[in-house]
Amino acid sequence: MDVMSTANIPLDVEGAIDHLMNFLSVEGVTGEEAAIAAAVSEALKKAGVPASAIRFDDANTRIPVPTQTGNLIVDLPGTKPGPRLMFSTHLDTVPLCAGAKPKREGDRIVSDGTTALGGDARTGVALLVVLAETLIKHKLPHPPITLLFTVREESGLHGARELNPAELGGPVMCINVDGQLASELIIGAVGQENWEVEIKGKASHAGVAPDKGISATLVGALGLAEAKRTGWFGKVVKGDEFGTSNIGIFGGKNGKPAGDATNVVTDYAFLKGEARSPELSFATKIVDGYEAAFAKAKAEVTDHEGETAEVTFRRAAAYPPFKLADDAKVVKRATKALELLGIKPTYLFSNGGLDANWLDRAGIPTITIGAGQAEIHTIKEFVKLDEYEKGCRLGILMATLED
Ligand SMILES: [Zn+2]
(Lines give C-alpha, C1' and ligand atoms only; values in the text may rest on other atoms or scores of the structure.)
Protein backbone atom coordinates (compact mmCIF):
# COMPACT_ATOMS: atom_id res chain seq x y z
CA MET A 1 0.00 0.00 0.00
CA ASP A 2 1.19 3.49 -0.83
CA VAL A 3 1.53 5.08 2.59
CA MET A 4 1.65 8.61 1.21
CA SER A 5 -1.75 8.41 -0.46
CA THR A 6 -3.49 7.01 2.63
CA ALA A 7 -1.71 9.11 5.25
CA ASN A 8 -4.41 11.74 5.04
CA ILE A 9 -7.23 9.30 5.88
CA PRO A 10 -7.68 9.80 9.62
CA LEU A 11 -8.64 6.25 10.58
CA ASP A 12 -8.41 5.14 14.20
CA VAL A 13 -7.57 1.51 13.43
CA GLU A 14 -7.80 0.17 17.00
CA GLY A 15 -11.07 2.05 17.53
CA ALA A 16 -12.44 0.53 14.31
CA ILE A 17 -11.49 -2.96 15.50
CA ASP A 18 -13.15 -2.28 18.88
CA HIS A 19 -16.40 -1.45 17.07
CA LEU A 20 -16.15 -4.67 15.07
CA MET A 21 -15.46 -6.80 18.18
CA ASN A 22 -18.45 -5.18 19.89
CA PHE A 23 -20.84 -5.82 16.98
CA LEU A 24 -19.59 -9.40 16.54
CA SER A 25 -20.47 -10.09 20.17
CA VAL A 26 -24.12 -9.05 19.74
CA GLU A 27 -26.30 -11.94 18.57
CA GLY A 28 -28.58 -11.15 15.66
CA VAL A 29 -29.47 -14.10 13.48
CA THR A 30 -31.69 -13.47 10.51
CA GLY A 31 -35.11 -12.11 11.53
CA GLU A 32 -33.85 -11.24 15.03
CA GLU A 33 -32.07 -7.96 14.41
CA ALA A 34 -33.48 -5.81 17.27
CA ALA A 35 -30.45 -6.12 19.58
CA ILE A 36 -27.82 -5.42 16.92
CA ALA A 37 -29.89 -2.51 15.58
CA ALA A 38 -29.97 -1.07 19.12
CA ALA A 39 -26.19 -1.51 19.46
CA VAL A 40 -25.66 0.28 16.14
CA SER A 41 -27.97 3.15 17.14
CA GLU A 42 -26.13 3.47 20.45
CA ALA A 43 -22.72 3.61 18.76
CA LEU A 44 -23.93 6.15 16.20
CA LYS A 45 -25.32 8.42 18.91
CA LYS A 46 -22.02 8.20 20.79
CA ALA A 47 -20.27 9.21 17.57
CA GLY A 48 -22.40 12.34 17.40
CA VAL A 49 -25.28 11.34 15.13
CA PRO A 50 -28.46 12.92 16.53
CA ALA A 51 -31.17 10.46 17.57
CA SER A 52 -33.57 12.23 15.22
CA ALA A 53 -31.44 11.15 12.24
CA ILE A 54 -31.82 7.45 13.08
CA ARG A 55 -35.03 5.56 12.33
CA PHE A 56 -36.56 2.25 11.28
CA ASP A 57 -38.71 1.78 8.20
CA ASP A 58 -41.71 -0.57 8.16
CA ALA A 59 -40.29 -3.18 5.77
CA ASN A 60 -40.81 -5.87 8.40
CA THR A 61 -44.60 -5.43 8.13
CA ARG A 62 -44.33 -6.57 4.48
CA ILE A 63 -41.78 -9.37 4.98
CA PRO A 64 -43.71 -12.66 4.87
CA VAL A 65 -41.74 -14.23 7.75
CA PRO A 66 -41.49 -12.93 11.33
CA THR A 67 -38.96 -10.08 11.57
CA GLN A 68 -38.31 -8.06 14.73
CA THR A 69 -37.60 -4.66 13.17
CA GLY A 70 -37.57 -2.76 9.91
CA ASN A 71 -34.43 -1.63 8.11
CA LEU A 72 -32.37 0.92 10.03
CA ILE A 73 -31.93 4.14 8.05
CA VAL A 74 -29.58 6.96 9.07
CA ASP A 75 -29.28 10.40 7.52
CA LEU A 76 -25.93 12.19 7.67
CA PRO A 77 -26.41 15.75 6.39
CA GLY A 78 -23.77 16.85 3.90
CA THR A 79 -20.97 19.15 4.97
CA LYS A 80 -20.64 20.18 1.34
CA PRO A 81 -23.21 20.21 -1.46
CA GLY A 82 -23.34 17.30 -3.89
CA PRO A 83 -25.41 14.32 -4.93
CA ARG A 84 -26.40 12.07 -2.04
CA LEU A 85 -24.45 8.85 -1.51
CA MET A 86 -25.67 5.73 0.23
CA PHE A 87 -23.71 3.08 2.14
CA SER A 88 -25.47 -0.18 2.94
CA THR A 89 -24.89 -3.49 4.67
CA HIS A 90 -27.01 -6.12 6.44
CA LEU A 91 -27.57 -6.46 10.18
CA ASP A 92 -28.40 -10.16 10.28
CA THR A 93 -26.12 -13.18 10.39
CA VAL A 94 -26.75 -16.81 9.43
CA PRO A 95 -28.21 -18.98 12.25
CA LEU A 96 -24.84 -20.79 12.56
CA CYS A 97 -23.53 -17.58 14.22
CA ALA A 98 -25.83 -17.89 17.26
CA GLY A 99 -23.76 -17.73 20.45
CA ALA A 100 -20.59 -16.63 18.66
CA LYS A 101 -17.70 -15.66 20.94
CA PRO A 102 -15.32 -13.51 18.91
CA LYS A 103 -11.69 -13.37 19.90
CA ARG A 104 -8.72 -11.64 18.42
CA GLU A 105 -5.93 -13.88 17.24
CA GLY A 106 -3.06 -11.97 15.68
CA ASP A 107 -4.25 -10.36 12.45
CA ARG A 108 -7.59 -12.17 12.60
CA ILE A 109 -10.80 -12.29 14.59
CA VAL A 110 -12.03 -15.87 14.97
CA SER A 111 -14.86 -17.71 16.73
CA ASP A 112 -14.26 -20.47 19.28
CA GLY A 113 -14.75 -23.05 16.54
CA THR A 114 -18.26 -24.13 17.55
CA THR A 115 -20.16 -21.41 15.66
CA ALA A 116 -19.68 -19.21 12.63
CA LEU A 117 -18.42 -15.72 13.47
CA GLY A 118 -20.72 -13.21 11.78
CA GLY A 119 -18.11 -11.13 9.96
CA ASP A 120 -20.75 -11.52 7.22
CA ALA A 121 -21.84 -8.77 7.49
CA ARG A 122 -20.74 -7.27 10.83
CA THR A 123 -17.59 -6.07 9.06
CA GLY A 124 -20.00 -3.94 7.02
CA VAL A 125 -21.97 -2.85 10.07
CA ALA A 126 -18.78 -1.74 11.81
CA LEU A 127 -17.49 -0.05 8.66
CA LEU A 128 -20.62 2.10 8.34
CA VAL A 129 -20.37 3.15 11.99
CA VAL A 130 -16.63 3.88 11.66
CA LEU A 131 -17.43 5.92 8.55
CA ALA A 132 -19.99 8.09 10.37
CA GLU A 133 -17.71 8.47 13.38
CA THR A 134 -14.67 9.44 11.29
CA LEU A 135 -16.59 11.92 9.13
CA ILE A 136 -18.01 13.64 12.21
CA LYS A 137 -14.90 13.56 14.40
CA HIS A 138 -12.61 14.98 11.73
CA LYS A 139 -15.22 17.24 10.11
CA LEU A 140 -14.40 15.74 6.71
CA PRO A 141 -16.14 17.36 3.76
CA HIS A 142 -18.75 15.01 2.29
CA PRO A 143 -22.08 15.22 0.44
CA PRO A 144 -25.30 14.09 2.15
CA ILE A 145 -25.09 10.38 3.03
CA THR A 146 -27.72 7.75 3.79
CA LEU A 147 -26.65 4.73 5.83
CA LEU A 148 -28.85 1.68 5.29
CA PHE A 149 -28.68 -1.38 7.56
CA THR A 150 -31.02 -4.06 6.17
CA VAL A 151 -32.73 -6.96 7.91
CA ARG A 152 -33.20 -10.55 6.77
CA GLU A 153 -30.62 -10.49 4.00
CA GLU A 154 -29.46 -14.02 4.78
CA SER A 155 -32.94 -15.54 4.54
CA GLY A 156 -33.92 -14.12 1.16
CA LEU A 157 -32.83 -10.48 0.76
CA HIS A 158 -36.16 -9.53 2.35
CA GLY A 159 -35.22 -6.19 3.91
CA ALA A 160 -33.81 -4.79 0.67
CA ARG A 161 -36.70 -6.25 -1.32
CA GLU A 162 -39.41 -4.67 0.84
CA LEU A 163 -37.68 -1.32 1.15
CA ASN A 164 -39.53 1.78 0.00
CA PRO A 165 -36.91 3.61 -2.12
CA ALA A 166 -38.65 6.94 -1.43
CA GLU A 167 -37.41 6.69 2.18
CA LEU A 168 -33.75 6.82 1.19
CA GLY A 169 -33.52 10.51 0.30
CA GLY A 170 -32.64 10.04 -3.37
CA PRO A 171 -29.08 8.65 -3.39
CA VAL A 172 -27.44 8.56 -6.83
CA MET A 173 -25.34 5.51 -6.00
CA CYS A 174 -24.79 2.98 -3.23
CA ILE A 175 -21.73 1.30 -1.77
CA ASN A 176 -22.85 -2.01 -0.25
CA VAL A 177 -20.38 -3.57 2.20
CA ASP A 178 -20.78 -7.33 2.08
CA GLY A 179 -17.70 -8.80 0.45
CA GLN A 180 -14.35 -10.33 1.24
CA LEU A 181 -11.30 -8.50 -0.09
CA ALA A 182 -11.12 -4.72 -0.42
CA SER A 183 -9.70 -5.19 -3.93
CA GLU A 184 -12.79 -7.11 -5.10
CA LEU A 185 -15.59 -4.99 -6.52
CA ILE A 186 -18.83 -6.88 -7.15
CA ILE A 187 -20.47 -5.22 -10.13
CA GLY A 188 -23.26 -7.68 -10.90
CA ALA A 189 -25.02 -10.80 -9.75
CA VAL A 190 -27.26 -13.53 -11.10
CA GLY A 191 -31.03 -13.57 -10.75
CA GLN A 192 -32.91 -16.55 -9.37
CA GLU A 193 -36.25 -18.27 -9.90
CA ASN A 194 -37.47 -20.98 -7.54
CA TRP A 195 -39.71 -23.90 -8.48
CA GLU A 196 -41.60 -26.60 -6.64
CA VAL A 197 -43.72 -29.53 -7.69
CA GLU A 198 -46.36 -31.38 -5.75
CA ILE A 199 -47.15 -34.88 -6.98
CA LYS A 200 -50.31 -36.65 -5.84
CA GLY A 201 -50.19 -40.30 -6.87
CA LYS A 202 -52.28 -43.22 -5.63
CA ALA A 203 -51.50 -45.62 -2.81
CA SER A 204 -51.83 -49.36 -3.28
CA HIS A 205 -50.32 -52.44 -1.66
CA ALA A 206 -46.93 -52.83 -3.27
CA GLY A 207 -46.97 -56.64 -3.00
CA VAL A 208 -50.61 -57.37 -3.74
CA ALA A 209 -51.53 -54.79 -6.39
CA PRO A 210 -48.65 -52.53 -7.41
CA ASP A 211 -50.34 -51.97 -10.80
CA LYS A 212 -53.25 -50.29 -9.07
CA GLY A 213 -50.99 -47.61 -7.56
CA ILE A 214 -49.42 -44.49 -9.04
CA SER A 215 -46.02 -43.84 -7.49
CA ALA A 216 -45.49 -40.16 -6.77
CA THR A 217 -41.84 -40.91 -5.98
CA LEU A 218 -41.32 -42.48 -9.40
CA VAL A 219 -42.90 -39.49 -11.15
CA GLY A 220 -40.53 -37.20 -9.25
CA ALA A 221 -37.50 -39.35 -10.05
CA LEU A 222 -38.35 -39.63 -13.75
CA GLY A 223 -38.95 -35.88 -13.89
CA LEU A 224 -35.48 -35.17 -12.51
CA ALA A 225 -33.93 -37.74 -14.84
CA GLU A 226 -35.69 -36.09 -17.78
CA ALA A 227 -34.48 -32.62 -16.67
CA LYS A 228 -30.93 -34.02 -16.59
CA ARG A 229 -31.30 -35.73 -19.99
CA THR A 230 -32.58 -32.54 -21.62
CA GLY A 231 -29.74 -30.45 -20.23
CA TRP A 232 -31.54 -28.40 -17.57
CA PHE A 233 -29.87 -29.86 -14.48
CA GLY A 234 -26.78 -28.44 -12.73
CA LYS A 235 -24.63 -26.32 -15.02
CA VAL A 236 -26.85 -25.31 -17.92
CA VAL A 237 -25.50 -24.02 -21.24
CA LYS A 238 -27.76 -23.56 -24.26
CA GLY A 239 -26.22 -21.63 -27.15
CA ASP A 240 -24.74 -18.50 -25.60
CA GLU A 241 -27.09 -18.52 -22.64
CA PHE A 242 -26.08 -20.08 -19.36
CA GLY A 243 -27.19 -20.64 -15.81
CA THR A 244 -27.44 -23.22 -13.05
CA SER A 245 -30.16 -25.28 -11.42
CA ASN A 246 -30.59 -27.61 -8.49
CA ILE A 247 -33.06 -29.88 -6.75
CA GLY A 248 -32.91 -29.05 -3.04
CA ILE A 249 -35.77 -30.95 -1.44
CA PHE A 250 -37.23 -34.30 -2.49
CA GLY A 251 -39.60 -35.51 0.21
CA GLY A 252 -43.15 -35.67 1.41
CA LYS A 253 -45.49 -33.46 3.41
CA ASN A 254 -44.15 -31.11 6.10
CA GLY A 255 -40.53 -32.16 5.79
CA LYS A 256 -41.31 -35.88 6.17
CA PRO A 257 -40.03 -38.43 3.66
CA ALA A 258 -42.06 -39.27 0.57
CA GLY A 259 -43.71 -42.49 1.77
CA ASP A 260 -42.99 -44.25 5.05
CA ALA A 261 -43.39 -47.96 4.28
CA THR A 262 -41.81 -50.23 1.65
CA ASN A 263 -45.06 -52.09 1.01
CA VAL A 264 -47.10 -49.07 -0.06
CA VAL A 265 -46.90 -47.35 -3.44
CA THR A 266 -46.12 -43.74 -2.40
CA ASP A 267 -49.02 -41.43 -3.05
CA TYR A 268 -47.33 -38.10 -2.39
CA ALA A 269 -44.05 -36.36 -3.15
CA PHE A 270 -42.86 -32.79 -2.91
CA LEU A 271 -39.81 -31.39 -4.70
CA LYS A 272 -38.29 -27.95 -4.50
CA GLY A 273 -35.42 -26.44 -6.44
CA GLU A 274 -33.96 -23.32 -8.00
CA ALA A 275 -32.52 -21.86 -11.20
CA ARG A 276 -30.05 -18.98 -11.56
CA SER A 277 -28.76 -17.00 -14.51
CA PRO A 278 -27.34 -13.57 -15.34
CA GLU A 279 -30.50 -13.27 -17.51
CA LEU A 280 -33.76 -13.71 -15.64
CA SER A 281 -35.42 -14.86 -18.88
CA PHE A 282 -32.97 -17.76 -19.04
CA ALA A 283 -33.60 -18.71 -15.40
CA THR A 284 -37.26 -18.81 -16.42
CA LYS A 285 -36.37 -21.04 -19.40
CA ILE A 286 -34.55 -23.45 -17.09
CA VAL A 287 -37.66 -23.63 -14.91
CA ASP A 288 -39.73 -24.20 -18.08
CA GLY A 289 -37.44 -27.16 -18.73
CA TYR A 290 -38.25 -28.65 -15.32
CA GLU A 291 -41.97 -28.07 -15.84
CA ALA A 292 -41.90 -29.92 -19.17
CA ALA A 293 -39.82 -32.71 -17.62
CA PHE A 294 -42.34 -33.35 -14.85
CA ALA A 295 -45.22 -33.22 -17.36
CA LYS A 296 -43.50 -35.92 -19.39
CA ALA A 297 -42.81 -37.97 -16.26
CA LYS A 298 -46.46 -37.71 -15.26
CA ALA A 299 -47.57 -39.30 -18.55
CA GLU A 300 -45.08 -42.16 -18.12
CA VAL A 301 -46.45 -43.42 -14.82
CA THR A 302 -49.99 -44.84 -14.93
CA ASP A 303 -52.08 -47.31 -12.98
CA HIS A 304 -53.87 -50.33 -14.50
CA GLU A 305 -56.64 -48.06 -15.84
CA GLY A 306 -54.30 -45.53 -17.43
CA GLU A 307 -54.79 -42.92 -14.71
CA THR A 308 -51.90 -40.58 -13.99
CA ALA A 309 -50.74 -38.63 -10.95
CA GLU A 310 -51.89 -35.10 -10.31
CA VAL A 311 -48.85 -32.87 -10.82
CA THR A 312 -48.91 -29.24 -9.69
CA PHE A 313 -45.92 -27.16 -10.71
CA ARG A 314 -45.35 -23.74 -9.14
CA ARG A 315 -42.68 -21.11 -9.70
CA ALA A 316 -41.68 -17.84 -8.05
CA ALA A 317 -39.09 -15.23 -8.97
CA ALA A 318 -36.63 -14.91 -6.04
CA TYR A 319 -34.59 -11.86 -7.07
CA PRO A 320 -33.65 -10.08 -10.30
CA PRO A 321 -30.13 -10.11 -11.74
CA PHE A 322 -28.17 -6.91 -12.32
CA LYS A 323 -24.98 -5.73 -13.96
CA LEU A 324 -23.52 -2.25 -13.56
CA ALA A 325 -22.40 -0.48 -16.73
CA ASP A 326 -18.61 -0.31 -17.11
CA ASP A 327 -18.81 3.48 -17.04
CA ALA A 328 -21.24 3.66 -14.10
CA LYS A 329 -20.26 6.47 -11.73
CA VAL A 330 -20.18 4.15 -8.73
CA VAL A 331 -17.71 1.83 -10.50
CA LYS A 332 -15.49 4.79 -11.42
CA ARG A 333 -15.63 6.11 -7.87
CA ALA A 334 -14.65 2.76 -6.35
CA THR A 335 -11.87 2.30 -8.90
CA LYS A 336 -10.48 5.75 -8.19
CA ALA A 337 -10.58 5.20 -4.43
CA LEU A 338 -8.77 1.86 -4.74
CA GLU A 339 -6.13 3.44 -6.96
CA LEU A 340 -5.53 6.12 -4.33
CA LEU A 341 -5.04 3.30 -1.82
CA GLY A 342 -2.55 1.65 -4.15
CA ILE A 343 -4.81 -1.40 -4.59
CA LYS A 344 -5.46 -2.97 -7.99
CA PRO A 345 -9.20 -3.58 -8.38
CA THR A 346 -10.72 -6.80 -9.68
CA TYR A 347 -14.32 -6.81 -10.92
CA LEU A 348 -16.51 -9.75 -9.96
CA PHE A 349 -19.90 -11.07 -11.04
CA SER A 350 -21.56 -12.94 -8.16
CA ASN A 351 -23.32 -16.29 -8.54
CA GLY A 352 -25.51 -15.48 -5.55
CA GLY A 353 -27.96 -12.68 -4.88
CA LEU A 354 -27.06 -9.64 -2.76
CA ASP A 355 -29.03 -6.73 -1.33
CA ALA A 356 -27.43 -4.93 -4.30
CA ASN A 357 -29.76 -6.85 -6.65
CA TRP A 358 -32.81 -5.15 -5.12
CA LEU A 359 -31.15 -1.76 -4.59
CA ASP A 360 -30.13 -1.71 -8.24
CA ARG A 361 -33.67 -2.69 -9.20
CA ALA A 362 -34.87 0.29 -7.12
CA GLY A 363 -32.86 2.53 -9.43
CA ILE A 364 -29.78 2.97 -7.24
CA PRO A 365 -26.62 1.68 -8.98
CA THR A 366 -24.94 -0.36 -6.24
CA ILE A 367 -21.42 -1.71 -6.01
CA THR A 368 -20.49 -4.22 -3.32
CA ILE A 369 -17.12 -3.89 -1.61
CA GLY A 370 -15.26 -6.18 0.76
CA ALA A 371 -14.03 -5.54 4.30
CA GLY A 372 -12.44 -8.77 5.48
CA GLN A 373 -15.11 -11.49 5.53
CA ALA A 374 -13.62 -14.99 5.11
CA GLU A 375 -14.94 -18.59 5.12
CA ILE A 376 -18.46 -17.23 5.68
CA HIS A 377 -21.37 -19.45 6.74
CA THR A 378 -18.99 -22.02 8.28
CA ILE A 379 -17.51 -22.61 11.75
CA LYS A 380 -14.13 -21.73 10.22
CA GLU A 381 -15.32 -18.18 9.56
CA PHE A 382 -12.88 -15.40 10.44
CA VAL A 383 -12.23 -11.73 9.75
CA LYS A 384 -9.01 -10.61 8.09
CA LEU A 385 -8.14 -7.44 9.97
CA ASP A 386 -5.83 -6.00 7.30
CA GLU A 387 -8.68 -6.28 4.76
CA TYR A 388 -11.11 -4.76 7.26
CA GLU A 389 -8.77 -1.80 7.68
CA LYS A 390 -8.43 -1.41 3.90
CA GLY A 391 -12.22 -1.61 3.57
CA CYS A 392 -12.66 1.15 6.16
CA ARG A 393 -10.21 3.38 4.29
CA LEU A 394 -11.96 2.59 1.01
CA GLY A 395 -15.31 3.57 2.54
CA ILE A 396 -13.99 6.86 3.92
CA LEU A 397 -12.37 7.70 0.57
CA MET A 398 -15.54 6.90 -1.37
CA ALA A 399 -17.52 9.19 0.94
CA THR A 400 -15.11 12.10 0.63
CA LEU A 401 -13.71 11.93 -2.93
CA GLU A 402 -14.25 14.93 -5.13
CA ASP A 403 -16.54 13.94 -8.03
ZN1 LIG B 1 -23.60 -11.11 3.70
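The values are calculated or read from the model by the stated rules, or taken from the named source; none is laboratory data. Because the structure is predicted, anything quoted here is derived from the model rather than measured. Virtual Cβ from ideal backbone geometry, glycine too; neighbours counted across all protein chains shown. Surface accessibility is based on the protein's heavy atoms, side chains included, excluding ligands, DNA and RNA. Shrake-Rupley method; radii C 1.70, N 1.55, O 1.52, S 1.80 Å.
Report summary: the helix-based calculation at 222 nm, which adds -39500 (n - 2.57) for every DSSP H run with n ≥ 4 and divides by the residues of the chain, gives -9500 deg cm²/dmol. Across region 70-82, computed HN-Hα scalar couplings (Karplus, 6.51 cos²θ - 1.76 cosθ + 1.60, θ = phi - 60°) run x, 5, 8, 10, 10, 10, 9, x, x, 9, 8, x, x Hz from first to last residue, x flagging Gly and Pro. Label sites at residue 200 and residue 272, each approximated as a point 7 angstrom past Cα along Cα to Cβ, lie 2.0 nm apart. Taking a sphere under 10 Å around the Cβ of residue 97 and counting the other residues whose Cβ falls inside, with K and R at +1 and D and E at -1, yields a net charge of -4.
With a threshold of 32 Å on the Cα-Cα distance, the over-threshold entries among 137/384; 103/332; 202/238; 101/253; 139/380 are 103/332; 202/238; 101/253; 139/380.
Counting only DSSP beta bridges whose two residues both lie in the chain, roughly 70 percent are antiparallel.
Please give the length that would be gained between residue 107 and residue 228 if that part of the chain were fully extended, namely 0.36 nm times their separation in residues minus their C-alpha to C-alpha distance (nm, one decimal).
Working: separation 121, 0.36 × 121 = 43.56 nm, distance 4.60 nm.
Value of the extension gain: 39.0 nm.
Under the convention that each Lys and Arg Cβ holds +1 and each Asp and Glu Cβ holds -1, the size of the dipole of the chain around its Cα centre is about 320 debye. For region 5-106, the fraction of 1.4 Å probe accessible surface lying on carbon and sulfur atoms is 57 percent.
Relative to the longest principal axis of the Cα atoms of the chain, the long axis of helix 119-137 lies at roughly 20 degrees.
Using a probe of 1.4 angstrom and keeping all protein chains present, the accessible surface of region 263-403 works out to 43 square angstrom per residue.
Between residue 263 and residue 166, the modelled label-to-label distance comes to 6.6 nm, taking each label 7 Å out from Cα in the direction of the beta carbon. Placing unit charges on each Cβ (+1 for Lys and Arg, -1 for Asp and Glu) gives the chain a dipole about its Cα centre, and among 204, 371, 135 the Cα reaching farthest toward its positive end belongs to 135. Surface analysis of region 93-170 yields an accessible area of 35 Å² per residue, using protein heavy atoms and a 1.4 Å probe. For the pair residue 238 and residue 299, a Förster radius of 25 Å applied to the C-beta separation gives a FRET efficiency near 0.55, rounded to the nearest 0.05.
Taking all protein chains together and a probe of 1.4 Å, list 88, 350, 25 from the most accessible to the least accessible.
On the way: 88 0, 350 25, 25 70 Å².
Largest accessible area first, the list is 25, 350, 88.
I'd like the FRET efficiency for residue 246 and residue 45, computed as 1/(1 + (r/R0)^6) with the beta carbon distance as r and R0 of 51 Å, rounded to 0.05. About 0.70, to the nearest 0.05.
Per atom type, region 203-315 shows carbon and sulfur on 54% of its accessible surface, probed at 1.4 Å.
Between helix 280-300 and the chain there is an angle of about 20 degrees, using the helix long axis and the longest principal axis of the Cα atoms.
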